[in-house]
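Read the figures in this text as sums done on the coordinates, not as results from a lab. The shown structure was predicted, so the numbers you read here are calculated from the model rather than taken from an experiment. Here the Cβ positions follow ideal geometry from the backbone for every residue, glycine too, while neighbour counts run over all protein chains shown.
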Amino acid sequence: MTDARSDCVDVAVIGAGMAGMAAALFAAQRGLSCVQIGNGGDILFASGLLDLLGVHPVAEGRMWRSPYEGIAALAREEPAHPLARIDAVSIRTAFESFIGALGTAGLAYAPLGEQNRQVLTSIGTIKTTLGVPQSMLAGVEALRARAPCLLVDFRGLREFSARQIAATAGEHWPGLRHRRIEFPGYEATPELYAAHLARALENGETRARTISLVKPLLGDARTVGFPAVLGLARSLEVHAAFEAGLGVPVFEIPTMPTSVPGLRMLGALESAVSARGVRRRHQARVRAFGFAGDGRTATLALDGVSHGKSVVARAVVLATGRFTGRGLTADRASVRESILGLPVDQPASRASWHRRDFLHPSGHAINRAGLNVDELWRPLDAHGKPAWSRLFAVGSILAHQDWMRSKCGSGLAIATAWAAIKQVAHQLQTVRGG
């Protein structure tokens, strides 16, 4: 008998990072009822940039202008890599759907193209990425043209120095200048935080005062770069006001985590999934996981919720991440999957987890540990069979990838979530049809 306090849904998504959010979003878009379990705190560390694939092979550090050409090479050379198993049309559709949902929730992205863009970072290096927030796009154009540019920062803002950025990037971008100003209303505050400034700039008077301090500094600048603090919930409005007030294109530079772009993304994703009817259990964790005798449903017992102590689902998506998300845990002997004890593809012994050189260009074997899945994205048990016919795995918990070195974290999350939810929808519709 189903507990009266249970949620009964088509899909339970375990995890609320990028992959979990994408899976819940795509499930809702397909008309599936969905519960999402977990805290989305990892998204707070996001830069706002959406990487598809930047580097392959990792050992060579080869950068790809076209992520799709990079994935085609990846498919030839590493066919077990999760991205190598998804066709380009599906990846494009997944990304378009994802940024479309963000846009509807008030977080606008530049239109996607076939090629990666180059973005200036907070340490003056250049990052290659596919998806760029609209508020950062003018910086992409300014970097490409090497146009005269003014970088502005605020005294007391932690971990952001326009001087350092200009010194690092100036060799290749001679038109960069930098100036530091006092943030209006915070002149006596010794240490500033990005989120506080972002909220303050949503006040019209503070915004106008800031613009008035910057305008006399423009000189020949054709664009102005700021740390990513131009608003939080109303970032489109704040960005537009700065461009109108200064009379030149304005762009944001991603800041160190936890970041304002991460806060914006988390807020937009929470809004997007909630607007589509996803029931969120963001403070909950799965305490126990069992299958019905007929194999048609799974019951997830939850801790950390005051109501709905369990979830009964017709399909389950594991989007629990790796070690930081606690999807995987490790002791001195092995790496384990945390909820069901699923077998983890990993080096045969701990001695093989790491290379002798910490900065070895190929990375460490432990970074490619994870779950093996079949062609339908179902994790395999110790016998190489699907652990349950409607259990799926997505995102960084998957084996045979090193998303950090490949610069493919968002792509891995979004594309595998799209592919897996497509299979979920097909299976559930087949059962209904039968």
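If you add up the charges near Ala194, with Lys and Arg at +1 and Asp and Glu at -1, over every other residue whose beta carbon is less than 12 angstrom from its beta carbon, what do you get? Around Ala194, the surrounding residues sum to -1. Given +1 at the Cβ of Lys and Arg, -1 at the Cβ of Asp and Glu and no other charges, the dipole of the stretch 59-216 around its Cα centre is 440 debye to the nearest 20. As a ratio to 2.2 N^0.38 Å, the alpha-carbon radius of gyration computed for the stretch 57-160 takes the value 1.29. Expressed in units of 2.2 N^0.38 Å, where N is the residue count, the Cα radius of gyration of the stretch 341-426 is 1.19. Taking one quarter of the surface of the convex hull spanned by the alpha-carbon atoms of the stretch 122-253 gives a direction-averaged projected area of 7.3 nm².
Here the stretch 281-434 is described by how far its Cα atoms reach on the three principal axes: 54, 33, 30 Å, from widest to narrowest.
Please work out how much length the chain gains when fully extended from Asp220 to Ala292, using 0.36 nm per residue of separation minus the C-alpha to C-alpha distance, in nm with one decimal.
Numbers: separation 72, 0.36 × 72 = 25.92 nm, distance 6.96 nm.
Difference between extended and current length: 19.0 nm.
About the centre of its Cα atoms, the chain shows a dipole size close to 360 debye [charges on the beta carbon of Lys, Arg (+1) and Asp, Glu (-1) only; nearest 20 debye]. By the beta-carbon count within 10 Å of each Cβ, the least crowded to most crowded order of Leu49, Leu318, Leu201, Leu428, fewest first, is Leu428, Leu49, Leu201, Leu318. Within the listed set Arg279, Arg158, Arg390, the Gaussian network model of the chain (springs between alpha-carbon atoms below 10 Å) gives the highest mean-square fluctuation for Arg158. Please report how far the C-alpha centroid of the stretch 265-287 lies from that of the stretch 147-173, rounded to the nearest whole angstrom. Here the two parts' Cα centres lie 36 Å apart. Inter-label distance, Gln283 to His360: 4.4 nm, where each label sits 7 Å from its Cα along the C-beta direction.
By counting other Cβ atoms within 10 Å of each Cβ, how are Glu182, Glu114 ranked from fewest to most?
Details: Glu182 15, Glu114 12.
By the 10 Å Cβ count, ascending, the order reads Glu114, Glu182.
From a point 7 Å beyond the Cα of Thr430 in the direction of its Cβ, which residues of the stretch 309-333 have a backbone N at a distance under 18 Å? So the set is 314-317.
Length gained on full extension, Glu171 to Glu375: 68.6 nm, using 0.36 nm per residue less the C-alpha separation. Taking 7 Å steps out from each Cα toward its Cβ at Arg209 and Arg163 produces label points 2.5 nm apart. List the lysines whose Cα sits under 22 Å from the Cα of Lys422, skipping any in the same chain fewer than 8 residues away. Here the lysines satisfying the reach criterion relative to Lys422 are Lys385.
Using the Karplus relation 6.51 cos²θ - 1.76 cosθ + 1.60 with θ = phi - 60°, the per-residue 3J(HN,Hα) values for the stretch 259-274 come to 10, 4, x, x, 4, 4, 5, 4, x, 5, 5, 4, 5, 5, 6, 5 Hz, with x marking Gly and Pro.
So, counting K/R as plus one and D/E as minus one, what does the shell of residues with Cβ under 11 Å around Val224 add up to? Each step should come with its number before you reach the end.
Numbers: positive: Arg177, Arg179, Lys215, Arg222; negative: Glu243, Glu252.
Neighbour charge sum, excluding Val224 itself: +2.
Projected onto its three principal axes, the C-alpha set of the chain covers 73, 49, 41 Å, listed from the longest axis down.
Treating only the Cα positions of the stretch 245-310 as identical point scatterers, give the base-10 log of I(q)/I(0) from the Debye formula at each q in 0.20, 0.22 Å⁻¹. One equal scatterer on each Cα of the stretch 245-310 leads to -0.98, -1.02.
Take the Cβ-Cβ distance between Phe323 and Ala195 as r, set R0 to 22 Å, and report the resulting FRET efficiency rounded to the nearest 0.05. Walk me through the numbers on the way to the answer.
Working: r = 26 Å, r/R0 = 1.20.
Efficiency, rounded to the nearest 0.05: 0.25.
The distance separating the Cα centre of the stretch 113-129 from that of the stretch 341-357 comes to 32 Å. Once the Cα atoms are used to define both axes, helix 204-214 deviates from the longest principal axis of the chain by about 60 degrees. Near Asp7, the amide H atoms lying under 5 Å from its own belong to Ser310, Val311, Val312; only residues 5 or more places off or on other chains count, and H is placed 1.01 Å from N. Each of Asp51, Asp87 was scored by other Cβ atoms within 10 Å of its Cβ. Listed from fewest to most, they are Asp87, Asp51. Fully extending the segment from Glu141 to Lys385 would add 82.9 nm, taking 0.36 nm per residue of separation and subtracting the current Cα-Cα distance.
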